[in-house]
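The values are calculated or read from the model by the stated rules, or taken from the named source; none is laboratory data. Remember, it's a predicted structure, so these values are computed and weren't measured experimentally. Cβ: placed from backbone, ideal geometry, glycine included. Neighbour counts: every protein chain shown. Just the protein is used for accessible areas: all its heavy atoms, side chains included, with ligands, DNA and RNA removed. Shrake-Rupley method; radii C 1.70, N 1.55, O 1.52, S 1.80 Å.
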Amino acid sequence: MLLTTFNPMIKKLGILIILLGAAFAIHADLLLERPLSEGYIDQIEYVNHAEKLSIDDINNIDPTFWKVAPSHNINLGFTADHYWFRISLKETIPLDKTWIFRSKNPLLDTLDLYLFSGSTLIQEFHSGDSLVFSKRPIIEPSFSFPLFIKRDPPHVIYLHAHSSSSLQLSLSLQNESAFWQILGAENARKAAFYAVLISMIIYNAVIFFMVRVRNYLYYVLYLSAFSLFMASTHGLAYRYFWPNNPEINQVAAAVLTGAIISTAGLFISNFLRIKEIRPNLHRFLILIIALGFISSIASFFVPYTIMIQIVASLGLITALIAVFWTLQEWYQRRSREVMIFIIAWSSVLIGYILYIGQKFGALPVNTFTEHAVEIGAVLEALLLALGLADRINSERKVRIQAQERMLEIQHKANEELENKVHERTKELEKINSKLHAASITDSLTQIRNRHYFDYKFSAEYRRAYRSQSPISLIILDIDHFKKFNDQYGHQAGDEVLRIVASAIKNTLQRPSDTPFRYGGEEFTVLLPNTIKEGALIVAERMREKIEKTQIEWEGNKLYVTVSIGMASCLPSQIENQSSLLKEADDYLYIAKENGRNQVIFQDNNPKT
């Protein structure tokens, strides 16, 4: 009913709001995320202590001290205590796979993980936002740990957590495939959320530069501070803006909350003309603005635990006063712009109350409370855009045509927003795929790298053990490579490495046979389900192909040879791949000592 009374410009902006809201709603199903745990976590217990205890202390603690956590979503509010969690895994969990254990909250100072099999410690990780971002086991905003679950249950995870902010953990255990699917869905939701905020920032900034009205400037500053605050709480700001400065990340949320209070105060005062209508309230708002600014500065010097509670309380008081006063003002004036402001501010206030209640431990951690601020912020951004447009329309009649042109541009842009969000989602999936491929590929030779060899060799060796099938390993070393580098230069050496890698790759015929750059001028080739006779054929074929390969460099025709060590076995122990690697490496050195350009294996070892 209200919309039908608006003039044409307001009607068009109303359509804009519907379109932006629809774009965000398309991904609303992502807010109802699938359960984080797939039932592999049996029980979570916890114990807290004022001081940090070691893992040995925890193992020897009185069993009666442990308390059972009611769910995987743990909310302990603001606490200075150190918490240890004992997480039992079900014996029905599929074994011999890589699993990802995750805690979604990115604002934990310290998070230490210890994986025990029985009484044996088999994995240990140390993470937290007090460390540089690159120290995380998996590079993503939350805390994720790759666990290698062996066939020797029971398995127990001990988790030490400590934070100067609210101590919350949403714990889950997924296989790699499920983990990356969930992470992709979360990235899509965040992309939609930030697309709305950034589009509103750009939109209002453009209008400000056109009409030079301070309302728009204050609103852009407020939205920018809020967007950066959300990026900080999501862990995105730490990842992309200051990954090597944990000390900045430690205070970012408090600093940005103070900035939100100051910019929101400026916007409220200007939007509602409080200076002319209520001078006393205006002076109070100036005090709030100053306190917000002072809080931001003080956050660099006062402990975060204290400041975040101060600024959170100050923000809540500011929002409550704004809503209470505008309700009074609307009752007296029945102003449409005031009503729009009330609805907009109430939406973000409700979201803020739910979010702060969760952080203080008064409300549970769930999808709704975790994303309440985001939902409220989108509604507020859209509604305040409507209110600002209505204000400008009523005060700037002479500029209505220019504003309509801007709305048409915005209308067309938002018609494409849905497609862009989908495209962005696909781009993110492609980027994730490329990042994974890049992380396991040697940049020079474009074959798999040493990191991936370690993983693949272990996996194939275990598979050979389970199926009792043979496995062979070839190690190659380019003969006199240092002398070649010294004579022709490192660029020529790089070209040789590329050509040798290509020759090795082209020699292999089965998809399961994989070449790797092991390091320097050394290469390895993994041959699953291959007996030594077959491996010898492959190794000789490689040696001959490399020997005959002509390398042209600056007018010179060059040739190189390789020495090869080869080993094969039928695994008798599931974790004995190091013996196979050592055997192949020993034969390589025998080949180098025995004249180079040859393949040495068990049957032709000259030392036996």
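Filtering the range 176-191 to residues that are aromatic (F, W, Y) and surrounded by fewer than 19 Cβ atoms within 10 Å (Cβ to Cβ) leaves only W180. Pairs are defined by a Cβ separation below 9 Å, a sequence spacing of at least 6 or placement on different chains, a first member in the range 260-288 that is under 17 Å from Y222 (Cα atoms) and at pLDDT below 85, and a second member that is basic (K, R) and open to solvent by less than 10 Å² (accessible area, probe 1.4 Å); the pairs so defined are F271/R391. When I202, I207 are checked against the criterion of being open to solvent by 20 Å² or more (accessible area, probe 1.4 Å), outside any loop (DSSP other than H, G, I, E, B) and either in contact with a Pro (Cβ under 8 Å, 6 or more places away or on another chain) or farther than 25 Å from L159 by Cβ (or both), a single residue qualifies: I202.
Just checking, how many residues over the range 425-454 are in contact with a Phe, Trp or Tyr (Cβ under 6 Å, 6 or more places away or on another chain) and aliphatic (A, V, I, L, M)? Even if it seems obvious, please write down each step before you answer.
Taking the range 425-454 as the starting set, the residues that turn out to be in contact with a Phe, Trp or Tyr (Cβ under 6 Å, 6 or more places away or on another chain) are 440, 448, 450, 453.
Those still in the list that are aliphatic (A, V, I, L, M) too: 440.
Result for the range 425-454: 1.
Considering every residue within the range 249-271, establish whether at least one is loosely packed, with under 15 Cβ neighbours inside 10 Å and more than 19 Å from A319 (Cβ to Cβ). Working first, answer last.
Of the residues in the range 249-271, the ones loosely packed, with under 15 Cβ neighbours inside 10 Å are none.
Taking every residue of the range 249-271 in turn, none turns out to be loosely packed, with under 15 Cβ neighbours inside 10 Å and more than 19 Å from A319 (Cβ to Cβ).
Considering only the range 400-437, state which residues are at pLDDT below 70 and open to solvent by 100 Å² or more (accessible area, probe 1.4 Å). Q401 - this is the single residue of the range 400-437 that is at pLDDT below 70 and open to solvent by 100 Å² or more (accessible area, probe 1.4 Å). Taking the range 134-178 as the range and being under 16 Å from Y46 (Cβ atoms) and polar (S, T, N, Q) as the test, the residues that pass are S163, S166, Q168, S170.
Condition test on I600, is it touching a Phe, Trp or Tyr at 6+ places or on another chain (Cβ under 6 Å) and either more than 23 Å from D479 (Cβ to Cβ) or open to solvent by less than 20 Å² (accessible area, probe 1.4 Å) (or both)? Don't jump to the end; show me each part of the working.
Numbers: touching a Phe, Trp or Tyr at 6+ places or on another chain (Cβ under 6 Å): yes; either more than 23 Å from D479 (Cβ to Cβ) or open to solvent by less than 20 Å² (accessible area, probe 1.4 Å) (or both): yes.
Yes.
Per this entry, F453 is counted among residues that are hydrophobic (A, V, I, L, M, F, W, C), surrounded by 18 or more Cβ atoms within 10 Å (Cβ to Cβ) and under 33 Å from the mean Cα position of the chain (by Cα). Would you call S467 modelled with pLDDT under 90, of a type in the set (S, T, Y) and either loosely packed, with under 14 Cβ neighbours inside 10 Å or under 30 Å from V211 (Cα atoms) (or both)? It is false that S467 is modelled with pLDDT under 90, of a type in the set (S, T, Y) and either loosely packed, with under 14 Cβ neighbours inside 10 Å or under 30 Å from V211 (Cα atoms) (or both). Any residue in the range 38-65 that's modelled with pLDDT of 90 or more: show its pairings with residues that are loosely packed, with under 14 Cβ neighbours inside 10 Å and of a type in the set (A, V, I, L, M) at Cβ separation under 6 Å, as long as the two are six or more apart or on different chains. Cβ pairs passing all conditions: E45/V68. When residues in the range 71-87 are screened for being open to solvent by 30 Å² or more (accessible area, probe 1.4 Å) and either of a type in the set (A, V, I, L, M) or within 20 Å of L173 (Cα to Cα) (or both), 7 of them pass. Determine if the range 535-542 includes at least one residue that is part of a strand (DSSP E or B) and either open to solvent by 10 Å² or more (accessible area, probe 1.4 Å) or closer than 22 Å to A464 by Cα (or both). Checked the range 535-542: no residue is part of a strand (DSSP E or B) and either open to solvent by 10 Å² or more (accessible area, probe 1.4 Å) or closer than 22 Å to A464 by Cα (or both).
Take the residues in the range 543-558 that are surrounded by 11 or more Cβ atoms within 10 Å (Cβ to Cβ) and in contact (Cβ under 8 Å) with a residue 12 or more places away in the chain, then tell me which one is farthest from T507 (Cα to Cα). Residue satisfying both the conditions and the ranking: W553. Tallying residues that are hydrophobic (A, V, I, L, M, F, W, C) and not in a helix (DSSP H, G or I) within the range 216-247 yields 2.
Scan the range 149-164 residue by residue and report those that are open to solvent by 10 Å² or more (accessible area, probe 1.4 Å) and either within 16 Å of the chain's Cα centre (by Cα) or modelled with pLDDT under 85 (or both).
Here is the first cut: in the range 149-164, the residues open to solvent by 10 Å² or more (accessible area, probe 1.4 Å) are 150-154, 156, 158, 162, 164.
Within the range 149-164, K150, R151, D152, P153, P154, S164 qualify.
Report yes if some residue within the range 74-81 is assigned to a strand (DSSP E or B), acidic (D, E) and under 16 Å from H160 (Cα atoms); otherwise report no. No: zero hits. I'd like to check something: does the range 119-131 contain any residue that is surrounded by 17 or more Cβ atoms within 10 Å (Cβ to Cβ), at negative phi and touching a residue at least 60 places away in the same chain (Cβ under 8 Å)? Yes, some residue in the range 119-131 is surrounded by 17 or more Cβ atoms within 10 Å (Cβ to Cβ), at negative phi and touching a residue at least 60 places away in the same chain (Cβ under 8 Å).
Considering the range 105-117, and only residues there that are surrounded by 22 or more Cβ atoms within 10 Å (Cβ to Cβ) and under 17 Å from I41 (Cβ atoms), the residue that is modelled with the lowest pLDDT turns out to be N105.
Can you pull out the residues in the range 166-175 that are open to solvent by 10 Å² or more (accessible area, probe 1.4 Å) and more than 22 Å from L121 (Cα to Cα)?
Restricting attention to the range 166-175, the residues satisfying the condition of being open to solvent by 10 Å² or more (accessible area, probe 1.4 Å) are 170, 175.
Scanning the range 166-175 gives a single hit, S170.
Specify the residue that is modelled with the lowest pLDDT; the eligible residues are those in the range 88-97 that are open to solvent by 40 Å² or more (accessible area, probe 1.4 Å) and part of a loop (DSSP other than H, G, I, E, B).
First, pick out the residues of the range 88-97 that are open to solvent by 40 Å² or more (accessible area, probe 1.4 Å): 90-92, 94, 97.
Retained after the next criterion (residues that are part of a loop (DSSP other than H, G, I, E, B)): 90-92, 94.
On the way: K90: 78, E91: 71, T92: 63, P94: 66.
It comes out as T92.
Considering the range 499-516, the residues that are open to solvent by 30 Å² or more (accessible area, probe 1.4 Å) and in contact with a Pro (Cβ under 8 Å, 6 or more places away or on another chain) include one that is nearest to F481 (Cα to Cα), namely K505. Scanning the range 41-55 for residues that are open to solvent by 40 Å² or more (accessible area, probe 1.4 Å) and under 14 Å from I157 (Cα atoms) returns D42, Q43, Y46.
Scanning the range 153-169 for residues that are within 14 Å of T110 (Cβ to Cβ) and assigned to a loop (DSSP other than H, G, I, E, B) yields a total of 3.
Suppose the filter is out of contact with any helix residue (DSSP H, G or I) (no Cβ under 9 Å at 6 or more places or on another chain), of a type outside the set (F, W, Y), touching a residue at least 12 places away in the same chain (Cβ under 8 Å) and assigned to a loop (DSSP other than H, G, I, E, B); does L113 pass it?
Values: out of contact with any helix residue (DSSP H, G or I) (no Cβ under 9 Å at 6 or more places or on another chain): yes; of a type outside the set (F, W, Y): yes; touching a residue at least 12 places away in the same chain (Cβ under 8 Å): yes; assigned to a loop (DSSP other than H, G, I, E, B): no.
Against the criterion (out of contact with any helix residue (DSSP H, G or I) (no Cβ under 9 Å at 6 or more places or on another chain), of a type outside the set (F, W, Y), touching a residue at least 12 places away in the same chain (Cβ under 8 Å) and assigned to a loop (DSSP other than H, G, I, E, B)), L113 does not qualify.
Filter the range 44-73 down to the residues that are part of a strand (DSSP E or B) and closer than 12 Å to A161 by Cα and list them by number. Y46, V47, N48, H49, listed by residue number. Number of residues in the range 289-317 that are in a helix (DSSP H, G or I), at pLDDT below 85 and exposed (fewer than 14 other Cβ atoms within 10 Å of the Cβ): the value is 2.
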